[in-house]
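A quick write-up on the structure given underneath.
The values are calculated or read from the model by the stated rules, or taken from the named source; none is laboratory data. Since the structure is predicted, the reported quantities are computational estimates derived from the model, not experimental observations. Heads up, the Cβs are rebuilt from the backbone with ideal geometry, glycines too, and the neighbour counts pull from every protein chain shown.
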Amino acid sequence: MEKTNENNSMVNCFNEWDKLEEVIVGIADESMVPTWHSYMGPVLPEKQHDFFKKNAGKPFNHELIRNANHELDMFAQLLESRGIVVRRPTNYGFAKPYATPDWKEDNSLYAAMPRDLLLVVGNEIIECPMSWRSRYHEVNAYRPLLKEYFASGCKWSSAPKPQLTDELYQENFVPGKKGERFKSCLTEFEPTFDAADFVRCGKDIFGQLSHVTNQSGFDWLERHLGDEYRLHQLEFDDQHAMHIDTTFMPLAPGKLLVHPDKIRTLPKQFKDWDIITAPTPCFPDSYPLHFSSKWISMNIFMIDENIAIVEQDEKSIQDTLMQHGIDVITTPFKNFNALGGSFHCATLDIRRRGKLQSYFN
Ligand code: ARG
């Protein structure tokens, strides 16, 4: 088994930009439309709500899945051609129904977005307590890999398994208005968080509350990581918040990519950084992005601090990044984008060269 870093395990990742050595890339196989729940309303594009209500329990369009898988394979080959080890999750049967003593779900969602549910901090992989019932068993798709990483010496932990009973979700929730303080559809019944609500900058980790991450979820992570890390809770002007990586993306030491109108005040740590405002995406408004806004264009993935993987047709962000001294490699990902993410969501960086350090004074 390959071990290339000081902690002597296959897992070692402290930030979003050190030189990438090993990564998990998601799969689109058998992606399923989940059972509709009120907690999906605040985060899914309004014009997609009917699609979800009508198609719950069905697989996503066959051709979309085939094309998305093809794009994922091309992306994986691109990474491999640069010497990066690429691993893939396993389809464990997303179409199967399941139940707890309190609720039942007709099917799972998918294993397309490893970023959402696994958080790598240093040599530890944390299974996050996700608030969507359709994602309750998603980690199964990654368990073969997790067992292998554990055998190599990494730390493997899981937050308390949530019950996801009705008490977790606000009854008759009405989202707040733009400009108001963020209002989550979650209660504080129990801790929940998605890994994708956090970004890592060495000793400093930045996160947000959202419609999947509540305060007790944030607190659990902060206490779990302990004194070695400083967790910072950011609040953005976004009443649809779910996953920080189309809002606030540290790309390299000194370079931060931000959404043009969700940042109220820049966290003080970044005052001397080059702030790169994401340009208007090139997606036509008519393009059916089932789960996300078109700002998915800024969901790029760094393979080292100078090179970003960017969607082939998203010329505006390619130009912006190059103007800020970042090299761009492009590959098509539009079909995959329809499933709710782009390159950052579709990946989980398992090992990057580099050590724990502070990037702020
Ligand atoms: N909610 C975000 C948007 O609509 C998409 C975030 C995707 N990120 C992820 N890790 N799945 O712009």
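The condition (being over 26 Å from Leu289 (Cβ atoms), surrounded by fewer than 23 Cβ atoms within 10 Å (Cβ to Cβ) and at pLDDT 95 or above) is satisfied by just one residue among Lys58, Lys96: Lys96.
Give Asp261, Asp227, Asp238 a once-over and let me know the one that is touching a His at 6+ places or on another chain (Cβ under 9 Å) and of a type in the set (D, E, K, R). Sole residue among the options that is touching a His at 6+ places or on another chain (Cβ under 9 Å) and of a type in the set (D, E, K, R): Asp238.
A quick yes/no check of all residues on (1) surrounded by fewer than 21 Cβ atoms within 10 Å (Cβ to Cβ); (2) small (Gly, Ala, Ser); (3) in contact with a Phe, Trp or Tyr (Cβ under 7 Å, 6 or more places away or on another chain):
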position	(1), (2), (3)
Phe189	yes, no, no
Ala195	no, yes, no
Ser210	no, yes, no
Asp227	yes, no, no
Met242	no, no, no
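Scanning segment 5-30 for residues that are out of contact with any strand residue (DSSP E or B) (no Cβ under 7 Å at 6 or more places or on another chain) and under 28 Å from Asn67 (Cβ atoms) gives Ala28, Asp29. Here is the figure for segment 243-263: residues that are within 11 Å of the ligand (Cβ to nearest atom) and either farther than 24 Å from Pro114 by Cβ or out of contact with any strand residue (DSSP E or B) (no Cβ under 6 Å at 6 or more places or on another chain) (or both) total 6. Annotation: of all residues in segment 111-128 being of a type in the set (Asp, Glu) and surrounded by fewer than 23 Cβ atoms within 10 Å (Cβ to Cβ), the one that is farthest from Gly57 (Cα to Cα) is Glu124.
Ser210 meets all of the listed conditions (1) farther than 23 Å from Ile350 by Cβ; (2) within 16 Å of the ligand (Cβ to nearest atom); (3) in a helix (DSSP H, G or I) but one, namely (3). Restricting Phe270, Phe343, Phe291, Phe360 to those that are closer than 21 Å to Val43 by Cβ and in contact with a strand residue (DSSP E or B) (Cβ under 9 Å, 6 or more places away or on another chain) reduces the list to Phe343. Of the strands (runs of 3 or more DSSP E) lying entirely inside segment 111-184, those containing at least 1 residues that are small (Gly, Ala, Ser) and away from the ligand (no atom under 16 Å from the Cβ) are 155-158.
Within segment 226-236, being within 19 Å of the chain's Cα centre (by Cα) and in contact (Cβ under 8 Å) with a residue 40 or more places away in the chain holds for Glu235, Phe236.
Criterion applied to Phe343, Phe336 was being in a loop (DSSP other than H, G, I, E, B), within 19 Å of the chain's Cα centre (by Cα), within 14 Å of the ligand (Cβ to nearest atom) and hydrophobic (A, V, I, L, M, F, W, C), and the one residue passing it is Phe343.
Contact map, segment 201-215: residues that are at positive phi paired with residues that are assigned to a strand (DSSP E or B) and among the hydroxyl-bearing types (Ser, Thr, Tyr), Cβ distance under 7 Å, separation 6+ or inter-chain. Pairs shown: Gly202/Ser358.
Looking across segment 264-282 at every residue that is among the hydrophobic types (A, V, I, L, M, F, W, C) and within 16 Å of the ligand (Cβ to nearest atom), the one that is surrounded by the fewest Cβ atoms within 10 Å (Cβ to Cβ) is identified as Cys282. Residues in segment 23-51 that are farther than 19 Å from Ser342 by Cα, touching a residue at least 40 places away in the same chain (Cβ under 8 Å), within 14 Å of the ligand (Cβ to nearest atom) and part of a helix (DSSP H, G or I): Tyr39, Met40. Restricting attention to segment 304-333, the residues that are assigned to a loop (DSSP other than H, G, I, E, B) and under 25 Å from His290 (Cα atoms) total 5.
In the condition set (1) at pLDDT below 95; (2) of a type in the set (Ser, Thr, Tyr); (3) within 11 Å of the ligand (Cβ to nearest atom), Ser286 is compliant with all but (3).
With respect to being within 19 Å of the chain's Cα centre (by Cα), under 29 Å from Ser31 (Cβ atoms) and within 15 Å of the ligand (Cβ to nearest atom), Ile300 fits the description.
Screening segment 129-170 for residues that are among the charged types (D, E, K, R) and within 22 Å of Ile350 (Cα to Cα) and picking the one that is surrounded by the most Cβ atoms within 10 Å (Cβ to Cβ) gives Glu138. Scanning segment 171-187 for residues being closer than 29 Å to Arg230 by Cα, surrounded by fewer than 17 Cβ atoms within 10 Å (Cβ to Cβ) and touching a helix residue (DSSP H, G or I) at 6+ places or on another chain (Cβ under 9 Å) gives a total of 1. A search for C-beta distances below 6 Å between a residue of segment 325-347 that is farther than 15 Å from His70 by Cα and touching a residue at least 60 places away in the same chain (Cβ under 8 Å) and any residue that is assigned to a loop (DSSP other than H, G, I, E, B) and not aromatic (Phe, Trp, Tyr), counting only pairs 6+ apart in sequence or on different chains, returns Gly340/Ser292; Gly341/Met113; His344/Asn299; Cys345/Met113; Cys345/Asn299.
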